[in-house]
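The values are calculated or read from the model by the stated rules, or taken from the named source; none is laboratory data. These figures come from a predicted structure and were not determined experimentally. Here Cβ is always computed from backbone atoms with ideal geometry, including for glycine, and neighbour counts include all displayed protein chains.
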Amino acid sequence: MMAAVLHGKESLTVEPVAVPEIGPDDVLVRVRAALTCGTDVKVFQRGYHARMIVPPALFGHELAGDIVAVGENVKGFAAGMRVVAANSAPCGKCFYCVREKENLCEDLLFNNGAYAQYIRIPARIVQKNLYEIPSHISYQDAALVEPLACVIRGLEECDMRGVGTVAVIGLGPIGLMFVRLAKVYGAKVIALGRRKTQLDRAARMGASELLCTADAVDHASLVKQMTGGRGVDVAIEAVGTPETWQLAARLVRRGGVVNFFGGCPNDSAVALDTNTLHYSEITCKASFHHTPAYIRKALDAVSRGDVLARDFVNSEEPLANLLEVMRHLMSHNGHLKTAIIP
């Protein structure tokens, strides 16, 4: 089969490799759609991911496809079924899993290789994080489930009950998902992005106020003007720079919640106003990854039509063009997703 292999920093080839062999508890899936992701772009740029991928390695993790073979011990799945697989599964036994923090599992099993004609789904993911796709959902819609699960968890970590206003900084696919779901939750959304195209997309997702972060203005003051002088109930940072982390903390009202969702480069440090954090009782959170429960919630959200691929995927490319696609996505932040069709 043909598959994308990451060899190192900005070194990626699409080359022939053996079709994965499966064990008695594994499943083999023919990939019908694999979506690009900001994490994949970062991994391509850096040449590795300390927890998820060490080159040379198969690449990609957002996928949906058809089962072509199942191991002899597999129950509940059969050849011909349309499925979506998460890119990880927790052990269920460690310190964090028994405390319902499965995303922090000490033995979190990751699976890569979505940019390929076939992918092996290992036993633990088959048991915990493989799902049949409802008949009315397309492969590309289903492949959104993994990043969407992270976003749903990020919002629920902020406790959206009674939340009236949400600010989202960063309007790439993840930020746009936050805009869309915050609107679904009933919040008024203020979207902050660098480019007009991003702001226009945010408006289509339901944002009622738009601010261009490229403008040399005090964005925190503008947000407070839009919210009766108080600030928003929840601020979501979806860029991943120290500067935007600092801005997010300045956007919330007293008693508000900041979610530092975007991961900053290694060795980054952020200075926050301790007086404001303490006396205004600001809650600072960071959300990482997903759990099987949130993958199921994301599949339900896609099934309801809350989030659909047409809003986040703007092109299709064959597997052979993946290197060109990755280089294009590196050109600046905010590109939408590309569907790779092996």
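Points to keep in mind about this one:
- Test: residue in segment 159-174 that is in contact (Cβ under 8 Å) with a residue 24 or more places away in the chain, more than 30 Å from Ile22 (Cβ to Cβ) and in a helix (DSSP H, G or I): yes
- Selection within segment 118-130: residues that are more than 18 Å from Cys150 (Cα to Cα) and either touching a His at 6+ places or on another chain (Cβ under 6 Å) or of a type in the set (Val, Ile, Thr) (or both). The member of this set that is surrounded by the fewest Cβ atoms within 10 Å (Cβ to Cβ) is Val126.
- A single member of Leu148, Leu199, Leu144 is closer than 25 Å to Arg250 by Cα and among the hydrophobic types (A, V, I, L, M, F, W, C), and it is Leu199.
- Of the listed requirements (1) more than 24 Å from the chain's Cα centre (by Cα); (2) of a type in the set (A, V, I, L, M, F, W, C); (3) at pLDDT below 95, Ala50 misses just one: (1).
- Residue satisfying condition, being exposed (fewer than 15 other Cβ atoms within 10 Å of the Cβ) and either closer than 21 Å to Ala339 by Cα or over 19 Å from the mean Cα position of the chain (by Cα) (or both), within set Ala3, Ala78, Ala64, Ala69: Ala78
- Cβ pairs under 7 Å, 6+ apart, first in segment 177-189 and hydroxyl-bearing (Ser, Thr, Tyr), second assigned to a helix (DSSP H, G or I) and modelled with pLDDT of 95 or more: Tyr185/Leu155
- Some residue of segment 272-292 being within 30 Å of Gly92 (Cα to Cα), at pLDDT 95 or above and charged (D, E, K, R): yes
- The one condition in (1) in contact with a helix residue (DSSP H, G or I) (Cβ under 7 Å, 6 or more places away or on another chain); (2) among the aliphatic types (A, V, I, L, M); (3) farther than 16 Å from Cys150 by Cα that Val84 fails to fulfil: (3)
- Residue among Arg201, Arg230 that alone is basic (Lys, Arg), farther than 29 Å from Tyr48 by Cα and not in a loop (DSSP other than H, G, I, E, B): Arg201
- Taking the criterion of being of a type in the set (A, V, I, L, M, F, W, C) and in contact with a helix residue (DSSP H, G or I) (Cβ under 6 Å, 6 or more places away or on another chain), the residues of segment 3-42 that qualify are Ala4, Leu12, Val14, Val27, Ala33, Leu35, Val41.
- Scanning segment 43-58 for residues being in contact with a helix residue (DSSP H, G or I) (Cβ under 7 Å, 6 or more places away or on another chain) and closer than 22 Å to Pro342 by Cα gives a total of 2.
- Hits in segment 87-117 (condition: assigned to a loop (DSSP other than H, G, I, E, B) and surrounded by fewer than 18 Cβ atoms within 10 Å (Cβ to Cβ)): Cys91, Gly92, Lys93, Cys94, Phe95, Tyr96, Glu100, Lys101, Glu106, Asp107, Gln117
- Where strands (runs of 3 or more DSSP E) fall wholly inside segment 16-86, the ranges with 3 or more residues that are within 21 Å of Asn314 (Cα to Cα) and aliphatic (A, V, I, L, M) are 27-35.
- Hits in segment 245-267 - residues which are out of contact with any Gly (no Cβ under 7 Å at 6 or more places or on another chain) and within 17 Å of Ile282 (Cα to Cα): Trp245, Gln246, Leu247, Ala248, Ala249, Arg250, Arg254, Gly255, Val257, Val258, Phe260
- Among residues that are under 13 Å from Ala149 (Cα atoms), surrounded by 14 or more Cβ atoms within 10 Å (Cβ to Cβ) and in contact with a helix residue (DSSP H, G or I) (Cβ under 8 Å, 6 or more places away or on another chain), Ala298 is included.
- Among (1) touching a Lys or Arg at 6+ places or on another chain (Cβ under 7 Å); (2) outside the structural domain of Cys158 (by TED's automatic domain parsing); (3) more than 30 Å from Val17 (Cα to Cα), the one test that Ala298 misses: (1)
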